[in-house]
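Trainee: Got a structure for you, questions after.
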Amino acid sequence: MINLFKTKKIKEAIDSNPTNVQEIINASEYAICITNAEGLFAFVNDNYCQTYGYSREELIGNHFSMVVPDNTKAILNKLHDEYIEKQQEISNTWEVVNKKGELMKINVDARFTDKIGNQPHKITYVERMN
């Protein structure tokens, strides 16, 4: 289970030092991605890359929907947009797909920040269930 106290501390570290985002998320045991308001990957840590089987270069600048099954892309895009707009913290369980096309179940927690480049971003913490 994702420790919400830890995710809050990581978000606070990012907010207080947004120029060191990559270092901060790399130090976490969680797989972490940070997406911008358009849903594009802005940052991913090594654990996120390892979980999904992609390199950082394959993810950065691409839409997060590349790691979700086709049947949930529309709803997850809508939820991402609503999240950026309403800035409400969420935790949930989702099914995602790795680079090989294999389905995985994950627990996620999300936090909002507007400290990275003074723009809205969603910080997503991922813990693989299977």
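Each reported figure results from applying straightforward, stated rules to the coordinates on display, with no laboratory input. Since the structure is predicted, the reported quantities are computational estimates derived from the model, not experimental observations. Cβ sites come from the backbone with ideal geometry, for glycine too, and all protein chains shown count toward neighbours.
Trainee: Anything in segment 47-64 that is in contact with a helix residue (DSSP H, G or I) (Cβ under 6 Å, 6 or more places away or on another chain) and under 17 Å from ILE106 (Cβ atoms)? List them, or say none.
Mentor: Within segment 47-64, CYS49, TYR52 qualify.
Trainee: Could you list all residues from segment 55-69 that are over 14 Å from the mean Cα position of the chain (by Cα) and either assigned to a loop (DSSP other than H, G, I, E, B) or crowded, with 16+ Cβ neighbours inside 10 Å (or both)?
Mentor: Once the filter is applied, which keeps residues that are over 14 Å from the mean Cα position of the chain (by Cα) and either assigned to a loop (DSSP other than H, G, I, E, B) or crowded, with 16+ Cβ neighbours inside 10 Å (or both), segment 55-69 yields SER55, PRO69.
Trainee: Is at least one residue of segment 91-110 within 20 Å of LYS9 (Cα to Cα) and touching a helix residue (DSSP H, G or I) at 6+ places or on another chain (Cβ under 6 Å)?
Mentor: Taking every residue of segment 91-110 in turn, at least one turns out to be within 20 Å of LYS9 (Cα to Cα) and touching a helix residue (DSSP H, G or I) at 6+ places or on another chain (Cβ under 6 Å).
Trainee: Name the single residue, out of those in segment 77-111 being surrounded by 19 or more Cβ atoms within 10 Å (Cβ to Cβ) and under 21 Å from ASN26 (Cα atoms), that is farthest from the chain's Cα centre (by Cα).
Mentor: ILE106
Trainee: Any chance you could count how many residues in segment 2-18 are in contact with a Phe, Trp or Tyr (Cβ under 6 Å, 6 or more places away or on another chain) and either over 21 Å from MET129 (Cα atoms) or part of a strand (DSSP E or B) (or both)?
Mentor: 0
Trainee: Hey, any hits in segment 84-96 for a residue that's part of a loop (DSSP other than H, G, I, E, B) and under 19 Å from ASN3 (Cα atoms)?
Mentor: yes
Trainee: From the list LYS78, LYS100, exactly one residue is in contact with a Gly (Cβ under 7 Å, 6 or more places away or on another chain) and outside any strand (DSSP E or B). Which is it?
Mentor: When all the criteria are applied, what remains is LYS100.
Here's the yes/no breakdown for (1) assigned to a helix (DSSP H, G or I); (2) among the polar types (S, T, N, Q); (3) surrounded by fewer than 14 Cβ atoms within 10 Å (Cβ to Cβ); (4) on the phi > 0 side of the Ramachandran plot:
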{"site": "ASN20", "(1), (2), (3), (4)": "yes, yes, yes, no"}
{"site": "ILE24", "(1), (2), (3), (4)": "yes, no, no, no"}
{"site": "GLU29", "(1), (2), (3), (4)": "no, no, yes, no"}
{"site": "ILE32", "(1), (2), (3), (4)": "no, no, no, no"}
{"site": "GLU38", "(1), (2), (3), (4)": "no, no, yes, no"}
{"site": "ASN47", "(1), (2), (3), (4)": "yes, yes, no, no"}
{"site": "THR51", "(1), (2), (3), (4)": "yes, yes, no, no"}
{"site": "ASN71", "(1), (2), (3), (4)": "yes, yes, yes, no"}
{"site": "ALA74", "(1), (2), (3), (4)": "yes, no, yes, no"}
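Trainee: Run down LYS86, LYS99, LYS6, LYS105 and say which single residue is in contact (Cβ under 8 Å) with a residue 24 or more places away in the chain and either aliphatic (A, V, I, L, M) or under 19 Å from LYS115 (Cβ atoms) (or both).
Mentor: Being in contact (Cβ under 8 Å) with a residue 24 or more places away in the chain and either aliphatic (A, V, I, L, M) or under 19 Å from LYS115 (Cβ atoms) (or both) holds for just one of LYS86, LYS99, LYS6, LYS105, which is LYS6.
Trainee: Of (1) within 13 Å of the chain's Cα centre (by Cα); (2) aliphatic (A, V, I, L, M); (3) over 20 Å from MET1 (Cα atoms), ILE32 satisfies all except one. Which?
Mentor: Against the list (1) within 13 Å of the chain's Cα centre (by Cα); (2) aliphatic (A, V, I, L, M); (3) over 20 Å from MET1 (Cα atoms), ILE32 comes up short only on (3).
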